[in-house]
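The values are calculated or read from the model by the stated rules, or taken from the named source; none is laboratory data. Note that this is a predicted model, so its numbers are computed, not measured. Here the Cβ positions follow ideal geometry from the backbone for every residue, glycine too, while neighbour counts run over all protein chains shown. For the accessible areas, the whole protein counts, side chains as well, though only heavy atoms, and no ligand, DNA or RNA atoms are used. Shrake-Rupley method; radii C 1.70, N 1.55, O 1.52, S 1.80 Å.
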Amino acid sequence: MDLYKLQNGSDIRGVAMEGIEGENVNFTLEAAEKIAAGFALWLKEEKGIISPVVSVGTDSRITSHDIAMAAVTGLNGAECSRVYYFGLASTPAMFVSTKESTLNCDGAIMISASHLPFNRNGMKFFTKQGGTDKNDIKKILNFAENFTSNTYVDNSYEQKDFISEYSAILVDFIREKTACSSPLEGLKVIVDAGGGAGGFFVDKVLKTLGADTTGSVFTEPDGYFRGHVPNPENEKVMVDFCEVVKKEKADLGVIFDTDVDRSAIVDGDGTPISRNKLIALISDILLKENPGATIVTDSVTSKSLTPYITNRGGVHHRFMRGYNNVIKEGKRLCAEGINCPIAIETSGHCALRENDFLDDGAYLIVKLLINYCNLRKEGLTFSDMLKDYEDPKEAMEIRPKLLEEDFKAQGERIISDFRQKAIENADWSLEEPNYEGVRVNVPNGWILIRLSLHDPVLPINIETEKEGTIDGILAELKEFLGGYELEF
């Protein structure tokens, strides 16, 4: 059992059950037990916590409960002083259990593989300082490799309905900021939870605040995700939910991923507000609260987002892909005295400084709902706020597979060659500053070529500002890539 193969950047992911041809189980209950024990030992050795208190929660996957119980065994085997089991929870709630709770947990484990298929699962880890990074995971796995389980350990845990406590924190925050006990009364707000963990938001948050949630979809946990893939970034999922919002005549639609660390919204007219539009919307709100602030985003944001932020007095700091990367950059800027209230990815990962830079899809929605209540008094909608934001006319992402054994070296060579091609082309220009791969401005658009964070692929994003020009850009790009060993 090679535990190190389960590392996925800053968390653990693997195949937890049979069900998809060609995907063999590698994230076993034994692996979960050892890794959880490794986390407890890491808390002791690296954080200096003699008798850790650790919480465990799950998303809705079929395998999540059994993996959680294996994790509980590992935590007890590593002699934690107390273990809490929350059952169905969200990833952000797990972090909150270390911060704003009478439980005062030293660490937390979320059993989830985010939006990946039903047969996958994984682990995300938190301390009072936030989520783990990739170096932390390596150390946790080192401890896990050397852990020997004790079959005589007392495998006890204390069960808590923590998602209710987390929901109450969100409700109290909205009531405080709106100065109203039922600020959503008279509004119809519906949710698409995708069969994941986000269904709690309907009863425990929206209804509590007075909203009509009739017409919400896929709010019951479904570990097989038979309704649809729980991913707000999926185009078909978003199109379908926009139709539901229009059909139900809702004022707003809210959509979550499986473990509620990502989200997006749909305006009452069926307009999707996700990806760049979502960044534009929350930037507008935060720049009113933080004049002149810096907005940290990932590398694939649209060209039109920069003037949108600049026109509102802000600074657009386009950084790297990976929610941990943007969060670390946001924290770094703040440590240097730069006013940075947000770090956000186009995928919907959003971390607000006011919320401890926690990657929290529910908190983002809460922030938007508070603003919506204020807009409502003026007879405005989110679409009104976004009138001067322009989406690209065309956009696409291709992900050719790198076929050389040392795929990282191959990818870096292609990126270097493409940079040189851009320098030599009089009609092209390099985007500067740029922190990931190479981003090139071309007539009527731009191209970004970068290495995947984890996989042997070369993600390439193209956007254009003029209809009918993307095919020409793609043809020239494929001609360049024809000289390399790739699989499209």
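For segment 179-212, name all the residues that are of a type outside the set (A, V, I, L, M), touching a residue at least 40 places away in the same chain (Cβ under 8 Å), on the phi < 0 side of the Ramachandran plot and surrounded by 15 or more Cβ atoms within 10 Å (Cβ to Cβ). Across segment 179-212, the qualifying residues are Pro183, Lys188, Asp192, Gly196, Gly198, Phe200, Phe201, Lys204, Thr208. In segment 2-16, what residues are among the small types (Gly, Ala, Ser) and in a loop (DSSP other than H, G, I, E, B)? Those that are among the small types (Gly, Ala, Ser) and in a loop (DSSP other than H, G, I, E, B): Gly9, Ser10, Ala16.
Among the residues making up segment 213-240, a single one is under 21 Å from the mean Cα position of the chain (by Cα), open to solvent by 30 Å² or more (accessible area, probe 1.4 Å) and among the small types (Gly, Ala, Ser): Gly227.
When Phe162 is tested against (1) open to solvent by 40 Å² or more (accessible area, probe 1.4 Å); (2) closer than 23 Å to Asp259 by Cα, just one condition goes unmet, and that condition is (1). Only a single item in (1) open to solvent by less than 10 Å² (accessible area, probe 1.4 Å); (2) at pLDDT below 95; (3) over 22 Å from Ala71 (Cα atoms) is not met by Ser114, and it is number (3).
Residues checked against (1) surrounded by 24 or more Cβ atoms within 10 Å (Cβ to Cβ); (2) farther than 15 Å from Asp259 by Cβ; (3) of a type in the set (D, E, K, R):
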{"residue": "Val54", "(1), (2), (3)": "yes, yes, no"}
{"residue": "Gly57", "(1), (2), (3)": "yes, no, no"}
{"residue": "Ser60", "(1), (2), (3)": "yes, no, no"}
{"residue": "Asp66", "(1), (2), (3)": "no, yes, yes"}
{"residue": "Leu75", "(1), (2), (3)": "yes, yes, no"}
{"residue": "Tyr84", "(1), (2), (3)": "no, yes, no"}
{"residue": "Ser101", "(1), (2), (3)": "no, yes, no"}
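In segment 18-64, the qualifying residues are those that are in a loop (DSSP other than H, G, I, E, B) and in contact with a Gly (Cβ under 7 Å, 6 or more places away or on another chain), and the one that is nearest to Met94 (Cα to Cα) is Asp59. Kindly check whether there is at least one residue in segment 307-315 that is within 19 Å of Gln129 (Cβ to Cβ) and open to solvent by 40 Å² or more (accessible area, probe 1.4 Å). The answer is no, given that none of the residues of segment 307-315 is within 19 Å of Gln129 (Cβ to Cβ) and open to solvent by 40 Å² or more (accessible area, probe 1.4 Å).
Of the listed requirements (1) out of contact with any strand residue (DSSP E or B) (no Cβ under 7 Å at 6 or more places or on another chain); (2) open to solvent by 40 Å² or more (accessible area, probe 1.4 Å), Asn339 misses just one: (1). In the set Glu176, Glu243, only one residue is closer than 30 Å to Asn339 by Cα, open to solvent by 10 Å² or more (accessible area, probe 1.4 Å), in a helix (DSSP H, G or I) and of a type outside the set (Val, Ile, Thr); that residue is Glu176. The residue that is nearest to Asn461 (Cα to Cα), among those in segment 320-336 that are of a type in the set (A, V, I, L, M, F, W, C) and open to solvent by 20 Å² or more (accessible area, probe 1.4 Å), is Met320.
Here Glu45 passes the criteria (1) within 23 Å of Ser149 (Cα to Cα); (2) open to solvent by less than 20 Å² (accessible area, probe 1.4 Å); (3) touching a Phe, Trp or Tyr at 6+ places or on another chain (Cβ under 8 Å) except the one numbered (2).
Within segment 449-458, how many residues turn out to be surrounded by fewer than 21 Cβ atoms within 10 Å (Cβ to Cβ) and in contact (Cβ under 8 Å) with a residue 60 or more places away in the chain?
Taking segment 449-458 first, the residues surrounded by fewer than 21 Cβ atoms within 10 Å (Cβ to Cβ) are 452-457.
Pick out the ones that are also in contact (Cβ under 8 Å) with a residue 60 or more places away in the chain and you get 453-454.
Residues in segment 449-458 being surrounded by fewer than 21 Cβ atoms within 10 Å (Cβ to Cβ) and in contact (Cβ under 8 Å) with a residue 60 or more places away in the chain: 2 in total.
Count of segment 267-306 residues, restricted to those that are farther than 24 Å from Leu187 by Cα, acidic (Asp, Glu) and crowded, with 21+ Cβ neighbours inside 10 Å, is 1.
Filtered by the rule that a residue be over 13 Å from Gly74 (Cα atoms), in contact (Cβ under 8 Å) with a residue 12 or more places away in the chain and among the charged types (D, E, K, R), segment 3-43 gives Lys5, Asp11, Arg13, Glu18, Glu23.
Of all the numbered requirements in (1) under 20 Å from the mean Cα position of the chain (by Cα); (2) part of a helix (DSSP H, G or I), Phe125 misses one, and that requirement is (2). Listed by position, the strands (runs of 3 or more DSSP E) enclosed by segment 303-365 that each have at least 1 residues that are β-branched (Val, Ile, Thr) and under 14 Å from the mean Cα position of the chain (by Cα) are 342-344. Answer yes or no as to whether Tyr484 is within 23 Å of the chain's Cα centre (by Cα) and aromatic (Phe, Trp, Tyr). No; evaluated as a whole, the condition is false for this residue. Within segment 131-149, the set of residues being outside any helix (DSSP H, G or I) and surrounded by 14 or more Cβ atoms within 10 Å (Cβ to Cβ) comprises Gly131, Thr132, Asp133, Phe147, Ser149. Annotation for segment 467-488: at least one member residue is part of a strand (DSSP E or B) and open to solvent by 60 Å² or more (accessible area, probe 1.4 Å).
Take Gly445 and tell me if it is farther than 16 Å from Thr301 by Cα and surrounded by 12 or more Cβ atoms within 10 Å (Cβ to Cβ).
For Gly445, the condition - farther than 16 Å from Thr301 by Cα and surrounded by 12 or more Cβ atoms within 10 Å (Cβ to Cβ) - is not met.
Looking across segment 373-395 at every residue that is open to solvent by 60 Å² or more (accessible area, probe 1.4 Å) and outside any loop (DSSP other than H, G, I, E, B), the one that is farthest from Leu430 (Cα to Cα) is identified as Lys377.
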